[in-house]
Each structure stands twice: as C-alpha cells, then as structure tokens.
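Structure, as structure tokens:
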C-alpha cells in the first residue's frame, strides 16, 4: 500500500512531536518532514513532494498564509493538499486560507481522531481501514486534562510573557476573561469595543 507523505509545518515543537507520533501510528501515513517556519516548509515541500501539508497559520519568518500564497502562485500541478492548523478561528483568515487553496481549516485544540478522519478524506483513503500500530488510548484526546489551577497558571504565564505586569488594574479581569474564552469560544463574539 502506498503511504500518504505528509509534511508538518508548526513552530510549536512539542505539538509537532505529538502530532507526528499520532499520525505515524497509522500505517497509511508517513511523516517525511517537520518544519519550524514557513521558509523551511517551502524548502521541504520542494524537496519531499508531500501529498499533504499540515500548516500552522502563525509561524516565524513566513506565516501560513504567506506559504499558501507562494504555493498558490506556483504553476505546478501536483502541489500538496493543505490542512491549516490555527489557534485563532477568525472568519477572514479562514476565508483567505480557503481562497488560497486550503482543503481544511482546524482550530486548536482539536480531537485527533476526527482530525485523522479528515486527513484520510483529504488524502483519498477509505475510512474503513484504520490500523493503529500503537496503543490507541494513548491519543484519545488532544485536550490536555486541564485543571482549573493548571489553566490559570498557563494563562498567567502567557500574560507575563506578553509583558503585562500582574499589579496593573484589570489584570485579574483579563485573566478571568481569557479563561472564560478557553472554556467557551462563543464569548469571543460577545466582545465589544
């Protein structure tokens, strides 16, 4: 059986390793490369000629949309099918990615089993021959078991990395608002000026 060759382009090394391990556990897929930025992704596409490109939108040097634009401008006929990964579910970005030829758009975090189902559909593989080489329970969910304290710690760390000091007015409000959005993405639509 011919394996579907896949390149992953995501600057989050830990996530890339998890995704690589999970996809590699299916016999019909072969990860031929993992790129950490857009320039490396384009080089890898030229070198490896993958069937599918799993592309993060937010990356250094060239972002995912720029990679898509450069692929879109090529006249080659056998360009990879593209699956976009993003932590942002903005309609304009999604629409632009689809206009540039993306086949599927996934907002992180997502269920790996559903992702594999979509990957198989995009790759043109029959969905009834799933064979997992490793323990399937290992990958039952992509959402880490996030306790309330763990989530609060992650949010605090990110806010600190952005440079917002904990002593400013509204800090707790901001942290709580982010936690609410993590729990229910519909709150993003309720944000006003």
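Coordinate-derived values only; no laboratory data. Treat the numbers as computed from the prediction; the structure is a model and nothing was measured. Positions of Cβ are backbone-derived with ideal geometry, glycine not excepted, and every protein chain shown enters the neighbour counts.
Which order do 46, 11, 51 fall in if you start with the one that has the fewest other Cβ atoms within 10 Å?
Values: 46 10, 11 17, 51 20.
Lowest count first: 46, 11, 51.
What order do you get for 161, 99, 69 when you list them from fewest to most C-beta neighbours inside 10 Å? Please report the intermediate quantities before stating the final value.
On the way: 161 8, 99 11, 69 15.
If I rank by nearby Cβ atoms, fewest first, I get 161, 99, 69.
With the Cα gyration tensor of segment 4-123 giving a ≥ b ≥ c as the square roots of its eigenvalues, does the rule (a/c under 1.5 for rounded; else a/b larger than b/c for prolate; else oblate) give rounded, prolate or oblate? Before the final figure, lay out the partial values.
Details: a/c = 1.31, a/b = 1.13, b/c = 1.17.
It is rounded, given that a/c, with a ≥ b ≥ c, falls under 1.5.
Once you order the gyration tensor axes a ≥ b ≥ c over the Cα atoms, which shape class does segment 51-112 get: rounded for a/c under 1.5, otherwise prolate or oblate by comparing a/b with b/c? Kindly include the intermediate steps, with their values, before the conclusion.
Values: a/c = 1.73, a/b = 1.47, b/c = 1.18.
In terms of gyration-tensor shape, prolate.
Taking other Cβ within 10 Å of each residue's Cβ, how do 44, 185, 180, 59 sort, fewest first? Could the numbers behind the result be given before it?
Details: 44 19, 185 11, 180 14, 59 22.
Placing the least packed residue first, the sequence is 185, 180, 44, 59.
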